[in-house]
Amino acid sequence: MIKEIVKDHFLLSQKATPATKLDAHIIQDLKDTLTYHRSNCVGMAANMIGYSKRILIFDDRKAY
């Protein structure tokens, strides 16, 4: 699911908790949101879409 990007500095600065197998759905949300914002974003953390978990993804495909 494509999520809204969080821009609140206070929320983004909070310490995230470790991810578990139960948080696997967050990865799909991150993928969907990153794909949607591909034109101006190459990486995304879970806290950027409202989850306080230590998950980070990035797209390393070349755009040329």
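The values are calculated or read from the model by the stated rules, or taken from the named source; none is laboratory data. Here the structure is a predicted model, which means the values were calculated and not measured. Ideal geometry is used to build each Cβ from the backbone, glycine not excepted, and the neighbour counts take in all protein chains shown. Heavy atoms of the whole protein, side chains included, go into the accessibility calculation; ligands, DNA and RNA do not. Shrake-Rupley method; radii C 1.70, N 1.55, O 1.52, S 1.80 Å.
Would you check if Lys7 is of a type in the set (Lys, Arg) and under 11 Å from the mean Cα position of the chain (by Cα)? So Lys7 does not fit the description; no. Cβ-Cβ under 6 Å, sequence separation 6+ or interchain: first residue in the range 14-40 and without any contact (Cβ under 8 Å) to a residue 40 or more places away in the chain, partner open to solvent by 70 Å² or more (accessible area, probe 1.4 Å) and of a type in the set (Phe, Trp, Tyr). Which pairs? From residues that are without any contact (Cβ under 8 Å) to a residue 40 or more places away in the chain, there are no pairs. Of all residues in the range 4-17, none are touching a strand residue (DSSP E or B) at 6+ places or on another chain (Cβ under 7 Å) and open to solvent by 90 Å² or more (accessible area, probe 1.4 Å).
Exactly one residue out of Asp29, Asp23, Asp59 is modelled with pLDDT under 95 and surrounded by 10 or more Cβ atoms within 10 Å (Cβ to Cβ): that is Asp59.
Based on what the data block shows, is Asn40 polar (S, T, N, Q) and modelled with pLDDT under 95? The answer is yes for Asn40.
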